[in-house]
């Protein structure tokens with residue numbers, strides 16, 4: 001299993017004709033529950049890293065995208081909870097939320113990370129080590145029997 005937890009969400013944003021004419025813009029932010037950026041997570045939009053803000057321009061009726069959040073393994077066992085905030089420029093609503101205020105929560109997210117012990121990998125390494133030692137031991141016994149014991153009989 002990978003040691004890095006990530007989760008993603010596909011987005012489909014629909015803009016109306018007025019948004020397209022006025023070159024509207026929505027900026028989405030991934031925050032914790034007190035509206036601060038979270039240190040130790042990485043945010044990707046359409047497979048490209050972003051700082052924390054995702055700017056989406058209204059240049060077509062339908063915009064599709066993918067948001068992915070990656071949690072740093074250094075967090076150990078944790079549950080992270082936060083919000084997706086939206087700020088609109090010439091946009092009235094997003095996800096049925098009026099965008100006239102600051103810190104407009106349009107979604108809530110939760111990520112859980114539990115660090116486990118990779119017993120299967122360790123068992124495989126141990127089995128390979130034992131096999132290598134057995135092969136070296138077998139070859140040593142064969143060399144001793146073949147060359148040294150055969151020469152004593154002659």
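Just so you know, all these numbers are worked out from the coordinates, no wet-lab data involved. This is a predicted model, so every value here is computed, not measured. With ideal geometry, Cβ positions are generated from the backbone for all residues, glycine too; neighbour counts draw on all protein chains shown.
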Restricting attention to region 98-154, report how many residues are under 24 Å from residue 43 (Cα atoms) and surrounded by 10 or more Cβ atoms within 10 Å (Cβ to Cβ).
-> 12
Selection from region 83-98 of residues that are within 19 Å of residue 59 (Cα to Cα), assigned to a loop (DSSP other than H, G, I, E, B) and without any contact (Cβ under 8 Å) to a residue 40 or more places away in the chain | 92, 95
Just one of the numbered conditions (1) over 18 Å from residue 97 (Cβ atoms); (2) loosely packed, with under 13 Cβ neighbours inside 10 Å is not true of residue 37; which one?
-> (2)
Of the residues in region 66-82, those that are surrounded by fewer than 17 Cβ atoms within 10 Å (Cβ to Cβ), part of a strand (DSSP E or B) and more than 14 Å from the chain's Cα centre (by Cα) come to 78, 79, 81
Selection from region 103-154 of residues under 23 Å from residue 9 (Cβ atoms) and either free of Cβ contacts under 8 Å to residues at least 24 places away in the same chain or assigned to a helix (DSSP H, G or I) (or both) yields 104, 105
